[in-house]
Amino acid sequence: GENAIAATVDVVEVAGSDNFVYLDIEGQECCVRVSGAIKPSVGDRVEITFAPDDIHLFDRRTGENLLVEREREREAAPRTEEAT
């Protein structure tokens, strides 16, 4: 797809109703949580897409949320209600 990222499945970790899929994206590791109904095999070539507001990025060494400022700004922003 237009905004898809190509990746290769390295590991699939079953965790109850979810699966954690570890991907190789051009030599970089990425872990995605998907529905347990999605069961790729190691070595599969896949494409991932996501909504930018649903992404969470963490520093591998410190565990620090790299987007914490963005999340704080979003929480502090006034909410508007749509007219019906």
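Quick note: the coordinates plus some simple rules give every number you see, no bench work behind them. Since the model is a prediction, treat every value here as computed from it, not as a measurement. Every residue, glycine as well, gets a Cβ built from its backbone with ideal geometry; the counts of neighbours run over all protein chains shown.
If the only charges are +1 at each Lys and Arg Cβ and -1 at each Asp and Glu Cβ, what is the size of the charge dipole of the stretch 1-71 around the Cα centre, to the nearest 20 debye?
With Lys and Arg at +1 and Asp and Glu at -1, about 200 debye.
How large is the Kirkwood hydrodynamic radius of the stretch 5-76, counting all unique pairs of alpha carbons, in Å?
After inverting the mean inverse Cα-Cα distance, the result is 13.6 Å.
For the charge dipole of the stretch 5-76, defined by +1 on Lys and Arg C-beta atoms and -1 on Asp and Glu C-beta atoms about the Cα centroid, which residue among Val46, Val14, Leu57 has the Cα displaced farthest towards the positive pole?
Farthest towards the positive end: Val14.
Go through 29-35, 7-13, 46-52 and give me the packing order, highest mean Cβ count within 10 Å leading.
7-13, 29-35, 46-52
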